[in-house]
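Notes for the one structure printed next.
The values are calculated or read from the model by the stated rules, or taken from the named source; none is laboratory data. Everything numeric in this text was worked out from a predicted model, so none of it was measured. Because the Cβ atoms are built from the backbone with ideal geometry, glycine has one as well, and the counts that use them run over all protein chains shown. We work out accessible area using only protein heavy atoms, side chains counted, and drop any ligands, DNA or RNA first. Shrake-Rupley method; radii C 1.70, N 1.55, O 1.52, S 1.80 Å.
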Protein chains: 4
Amino acid sequence: MAGSTFGTIFRVTTWGESHGKGIGAVVDGVPAGIPISEEVIQGYLNRRRPGQSRFTTQRKEQDQVRILSGVFEGKTTGTPIALEVRNEDQRSHDYSDIAGYYRPGHADFTFDEKYGFRDYRGGGRSSGRETIGRVAAGAIAEEFLKMLGITILSYSREIGGIRAETFEKDQIERNAFRMPDELAAEKVEAYLKEKMAECDSVGGIVECTVSGLPRGLGEPVFDKLDANLAKAMLSIGAVKGFEMGDGFASAKSCGSVNNDPFINKEGKVAKETNHAGGVLGGMSDGSDLMMRVAIKPTSSISRTQHTVKQDGTPIDVVIKGRHDPIIVPRAVVVVEAMTALVLADAVLMNMTSRADRICECYRRWREEER
Amino acid sequence: MAGSTFGTIFRVTTWGESHGKGIGAVVDGVPAGIPISEEVIQGYLNRRRPGQSRFTTQRKEQDQVRILSGVFEGKTTGTPIALEVRNEDQRSHDYSDIAGYYRPGHADFTFDEKYGFRDYRGGGRSSGRETIGRVAAGAIAEEFLKMLGITILSYSREIGGIRAETFEKDQIERNAFRMPDELAAEKVEAYLKEKMAECDSVGGIVECTVSGLPRGLGEPVFDKLDANLAKAMLSIGAVKGFEMGDGFASAKSCGSVNNDPFINKEGKVAKETNHAGGVLGGMSDGSDLMMRVAIKPTSSISRTQHTVKQDGTPIDVVIKGRHDPIIVPRAVVVVEAMTALVLADAVLMNMTSRADRICECYRRWREEER
Amino acid sequence: MAGSTFGTIFRVTTWGESHGKGIGAVVDGVPAGIPISEEVIQGYLNRRRPGQSRFTTQRKEQDQVRILSGVFEGKTTGTPIALEVRNEDQRSHDYSDIAGYYRPGHADFTFDEKYGFRDYRGGGRSSGRETIGRVAAGAIAEEFLKMLGITILSYSREIGGIRAETFEKDQIERNAFRMPDELAAEKVEAYLKEKMAECDSVGGIVECTVSGLPRGLGEPVFDKLDANLAKAMLSIGAVKGFEMGDGFASAKSCGSVNNDPFINKEGKVAKETNHAGGVLGGMSDGSDLMMRVAIKPTSSISRTQHTVKQDGTPIDVVIKGRHDPIIVPRAVVVVEAMTALVLADAVLMNMTSRADRICECYRRWREEER
Amino acid sequence: MAGSTFGTIFRVTTWGESHGKGIGAVVDGVPAGIPISEEVIQGYLNRRRPGQSRFTTQRKEQDQVRILSGVFEGKTTGTPIALEVRNEDQRSHDYSDIAGYYRPGHADFTFDEKYGFRDYRGGGRSSGRETIGRVAAGAIAEEFLKMLGITILSYSREIGGIRAETFEKDQIERNAFRMPDELAAEKVEAYLKEKMAECDSVGGIVECTVSGLPRGLGEPVFDKLDANLAKAMLSIGAVKGFEMGDGFASAKSCGSVNNDPFINKEGKVAKETNHAGGVLGGMSDGSDLMMRVAIKPTSSISRTQHTVKQDGTPIDVVIKGRHDPIIVPRAVVVVEAMTALVLADAVLMNMTSRADRICECYRRWREEER
């Protein structure tokens, strides 16, 4: 499996399986001098940790992160930062029964086909626990972005078809679903209890906005900012769709409506509307980024499903174990982390876009040489 | 601008602006022995060429491709393939007037902000002509995929909100909109005439399916097959959304419905349904790939729009020049090309997934050594 | 610090500082099904471990490796393999005194200039301990190469100007210097005792040969096999030169002598001589690879040296701590590891060079699909 | 052939064969605003052009470069720069005879083994003409470096064993061998005439120095500045060795002699000597870079050589065509170009090493936003 590394300059490489010794990430290309600590990263991890409500898996994990390298006296040194979370509550026996058949909606089958065999304990590399490495690395990216005045806000826009119609930022962390609409959250709770009684699961839509971005982030052709965000989001398990700005709605619109007129806002060029979602030609335009991510219902459900054994024999199965009836609220944190990773990389890449600025930087920096 | 290269092993690097000397691509990592010729590539380019109907730009371009390297006696040699299309109908004067202001929906503003100035002739690097390089390179990828029995089908599912309800493959190339539904195509034509009379433009949705894929293509974490497809699609100008399988609809579904049961089909493991769109855990599962791409309305419209000059002064503008009132039918070809590039790369990457197979290959190949 | 990842498909990312919590590597892109265990990797690490003779640092480290992911039931799974070695004998106080000045021959100064400050405990990231990650990852690469019948042999050709004139393979692991010439080893021992008495250090030349290579490994232009080997070697601290085949001697030769005539050897095309060192046009030609690496004398010496403090004030220093008077014997193991990493990657890249072979592979593999 | 792209941010992709339609390069990641023109690039190409003296191939090529994209009104725009040189004097018939056998010292054999067949016209991709793309791209890199006050000087230190003992910069371009020592050049001329009479060829050593470098260029582990330079040099056909600073001589030295003491030079930290060649721990230390490259004798010689046909039959051959009896003087220009490419990339990478500097840059740049 190549493909465990993400990013061009600010690069994260993740490792680990759900029932191995642990999960981790190595973050390379991090600029020196960013204040970071295990406590700060833990704050991000705690938001994705299981067992926060009755609507997430009851698997007991503290997910304590340890920084093994790259930080000295509270600041990043510029060297690779190794992050590690040990698996505690492994309970392999929960999963031993799934070794012989293919769980619908899971990667068991494709792993067998690609590699010839698989680590059948839990989801192995395709487990939701893989996202621990993303969130831990994303925490460093997000702390860096904060130094630049860039802030990311991620929340559940829709769950089980129930949409947050209002937006109250304070509500987001107040309900189990990370919805900005208290009323919608209540409806979701009722709906979810119903589905849980039916041993079923639901999906939803995560929305993410970014404010405070400088203009010009992203590269105009293949490495468009929105293209890298799309890859980042679809690389998260269970994500099935991505929209930038008006997204699919713009496909029904007209140019006269969809184009965002430029205006002069307090002496700066700005856009009157933001149908584009903050990017033009793949580069940030100074407006807020606005994206949406579609998340499928949790594949693990406790009701009888039809499937086959490795040898093709049909079999009816009931998947045991502790599963999230809805992963959207936890995915909110992963979407935020992947967004931070894409932006931190774009910020660094953009340091090299103009020769005049590069020359001026080195002129100044050389005066500072010892 | 880093970011003009796409792919890990099968790699394309594109170059060129709409009003420079030409547009081109260098395709590296192409296996030796693929039958290819200028005629074959031209066949793909002709499908995206302008002036095919009254509903596309009347810019006159033959878009004649020339192969400058990497092909010998009708076959790829394994060395980089340089492809070139000269710009003929440049008419820079058409565009001289836009040098001073920012066209709504275009990248003029972000280019100025990122690079300090811009090549204001036409869209420069962000012109639709940039896709010539993608289609020419994609042609080589698609010829390679055909050798493996992999076929891609791309078409317009929806234009201006009018959806193709039926699917007749033969219809696709029979109407100006590449729609698989004759009736829908007629409705689109009527609607589009109306919009053109209003000097407006419309968008739509391109659908793309792939059949004949081996299982296991794609890498399980960041380089998921669907993640790379998402990046490929969002890297196309005017694309604002991407869906895999049921996409956003799956966000409203339940696990019991959305999970695709595995079955035994003529002795092989298969899926009873395909809500997932042909990928599980980021790897192809043997079902057809099914994806959708949202395309915004053409930004260039001939009606008065409000915007600002480079110095921020408000101005009302009418964009002259020859524009597509709808780019979806031409985007169909670009979506197909980008899909081919992603798959060719995935096929090559997947050659390295199993040690037993690698050893067996070298054992055989070494017997063939001279 | 971007640049902690090496390789295109078979990729290693290393992390860790000499006096942090540990040293490690994540190896991604490893084919599934390679037999591997902590014991096997430990065998490689033990060869580079300090304290093996009076001529290496007396720092006490067991360098116990732990595999945290990517191996299941004794075989690689295709997922990233996380390897970790904890630092035991840190003795930071040994190094506290060097925080304020710049050790000649070390990277203290350049780290300060590049990052603004540094982790001054030991060499930090530039410590010889960084090579633990390379050797652990190289062990996996070498085990893979052995499955293909490829063997690497690395040894000291010259130390302190004393050259191994004879070559007895068995001798290599019999003396403290890994020299294939017993007599030379004795001379080196005498010379080294003398230099140690003078509180001085010496350098040498490591030679590395590879046999059993298939033909055609390496890519003909920038990613030539010898180019990637050169980078691999110069990326090892203290390495100052690289030669392929006759290397610098060929610069004094003539074409009529330096060209290796092709011959027919038992029905196969072979070369009569091997001045080229096993590569032609950057691709392996079936002859043994033959390369040499120049290693400078250990920078840390216990005699008084002139240098400056961070503020530029001149100061005379005597570097305390436990240093190798000669690192060449341990570098032998690192050279072997880096060679293995380059070759494993080249073997994987080369799986994609011919369309006919790729098509035949997939034809066979698809018949094996479940 | 993957591997036709070099660099991480400042990236060049080359294409073309000796007897195809032309040779070219696409340079991506070039900062906007560098003054460049076909005339400027031609100046660099003319220095490597054949036919400059009786000691180089008499093949007649003007090697006229054309810029096809990425430059507008005399400055780079930040978009990819496509460079193209058409092949004029192809004379394929000169080479038709070599299709059937393997030229000693050439890549004919390895190309056949890797790809199953080859473009047998001339050296194909392994021809010296491939370096045209490197020199054209290197010209842009070198113009960028000049803006930063960084200058590269490359010349022949030794040819056919005859060493330039003195160094007179003005001499370099005054003799056919680019030697800084008039007397040595005369001796080389005499020696070369002798070898040419014997239908033989010779090799030599190119030396390259770089002054005006900021400190801290290069990344401390795998992407050390010297590691990337080593790869760059060994990627040039005919190069067999690389040395940084004292190189192989340092292997015979002692730490007390080889360490460069730090001193205070006019208030700045400097080194008293430069055995290291300008790098410490893989990062530039402010001293001049000093490297040497070993070049083998030209493989094409006009005397009878023993070799085999593709079917293994022994054959005696005399290679016709127009060859350089010595390529070192032309390689001088290629070494300079590759050095420029490595340094331009290192300069860009280094823009991202410190968070404090990045934040200050964006603070300033955002004030400049329109």
Q. Which members of region B:260-282 meet the condition of being part of a loop (DSSP other than H, G, I, E, B), of a type in the set (D, E, K, R) and facing chain A (nearest Cβ under 8 Å)?
A. B:Asp260, B:Glu272
Q. Which condition number in (1) away from every other protein chain (no Cβ under 13 Å); (2) at positive phi is the one that D:Ala238 fails?
A. (1)
Q: For C:Gly128, state whether it is in contact with an Asp or Glu (Cβ under 7 Å, 6 or more places away or on another chain), at pLDDT below 95 and over 21 Å from C:Thr76 (Cα atoms).
A: no
Q.
For a quick check of your reading of the model, give me the residue pairs whose first member lies in region B:220-241 and is more than 21 Å from B:Lys296 (Cα to Cα), whose second is aromatic (Phe, Trp, Tyr) and not in a loop (DSSP other than H, G, I, E, B), with beta-carbon atoms closer than 6 Å and at least 6 apart or on different chains.
A. B:Phe222/A:Phe6
Q | Test set (1) buried (at least 16 other Cβ atoms within 10 Å of the Cβ); (2) more than 14 Å from chain A (Cβ to nearest Cβ) - B:Glu173 fails condition number | A | (1)
Q: Could you pull out the residue among D:Arg129, D:Arg134, D:Arg174 that is among the charged types (D, E, K, R) and within 23 Å of D:Met349 (Cβ to Cβ)?
A: D:Arg134
Q.
Within region B:243-255, does at least one residue satisfy the condition of being outside any helix (DSSP H, G or I) and either more than 20 Å from A:Glu243 (Cβ to Cβ) or of a type in the set (Lys, Arg) (or both)?
A. yes
Q.
Based on this model, can you work out whether A:Glu272 counts as at pLDDT 95 or above and of a type in the set (Asp, Glu)?
A. yes
Q) Restricting the first residue to region C:302-328 and requiring it to be more than 8 Å from chain D (Cβ to nearest Cβ), which pairs with a second residue that is part of a strand (DSSP E or B) and charged (D, E, K, R) meet a Cβ separation below 7 Å and a spacing of at least six or different chains? A) C:Thr304/C:Asp316; C:Ile315/C:Lys309
Q | Residue among C:Phe111, C:Phe167, C:Phe144 that alone is within 12 Å of another protein chain (Cβ to nearest Cβ), among the hydrophobic types (A, V, I, L, M, F, W, C) and open to solvent by 10 Å² or more (accessible area, probe 1.4 Å) | A | C:Phe111
**Q.** Search result, residues across region D:208-234 that are over 13 Å from the mean Cα position of the chain (by Cα) and either at the interface with chain C (Cβ under 7 Å from one of its Cβ atoms) or part of a helix (DSSP H, G or I) (or both)
**A.** D:Arg215, D:Gly216, D:Glu219, D:Pro220, D:Val221, D:Phe222, D:Asp223, D:Lys224, D:Leu225, D:Asp226, D:Ala227
Q. Within region A:186-207, can you find the residues that are more than 7 Å from every other protein chain (Cβ to nearest Cβ) and in a helix (DSSP H, G or I)?
A. A:Glu186, A:Lys187, A:Val188, A:Glu189, A:Ala190, A:Tyr191, A:Leu192, A:Lys193, A:Glu194, A:Met196, A:Ala197
Q. Are any of the residues in region D:244-259 more than 7 Å from every other protein chain (Cβ to nearest Cβ), more than 27 Å from the chain's Cα centre (by Cα), open to solvent by 10 Å² or more (accessible area, probe 1.4 Å) and modelled with pLDDT of 95 or more?
A. yes
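Yes/no matrix, rows are residues, columns are (1) out of contact with any helix residue (DSSP H, G or I) (no Cβ under 8 Å at 6 or more places or on another chain); (2) under 30 Å from C:Pro325 (Cβ atoms):
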site: D:Val206; (1), (2): no, no
site: D:Thr209; (1), (2): yes, no
site: D:Gly212; (1), (2): yes, no
site: D:Asp223; (1), (2): no, yes
site: D:Leu234; (1), (2): no, no
site: D:Lys240; (1), (2): no, no
site: D:Asp246; (1), (2): no, yes
site: D:Ser256; (1), (2): yes, yes
site: D:Lys265; (1), (2): yes, no
Q) Quick one: how many residues across region D:263-287 are out of contact with any Lys or Arg (no Cβ under 6 Å at 6 or more places or on another chain) and either open to solvent by 30 Å² or more (accessible area, probe 1.4 Å) or among the hydrophobic types (A, V, I, L, M, F, W, C) (or both)? A) 14
Q. Of all residues in region C:120-141, which are open to solvent by 20 Å² or more (accessible area, probe 1.4 Å) and either at the interface with another protein chain (Cβ under 7 Å from one of its Cβ atoms) or assigned to a helix (DSSP H, G or I) (or both)?
A. C:Ser126, C:Gly128
Q. Can you name the residue in region B:33-63 that is modelled with pLDDT of 95 or more and assigned to a loop (DSSP other than H, G, I, E, B) and, of all such residues, is farthest from the chain's Cα centre (by Cα)?
A. B:Gly33
Q) Taking interchain pairs and intrachain pairs at least six residues apart, which have beta carbon atoms under 6 angstrom, with the first residue in region C:81-106 and at positive phi and crowded, with 20+ Cβ neighbours inside 10 Å and the second modelled with pLDDT of 80 or more and not aromatic (Phe, Trp, Tyr)? A) C:Gly105/C:Ser299; C:Gly105/D:Asn259
Q. B:Lys193: more than 17 Å from B:Asp324 (Cα to Cα) and out of contact with any helix residue (DSSP H, G or I) (no Cβ under 8 Å at 6 or more places or on another chain), yes or no?
A. no
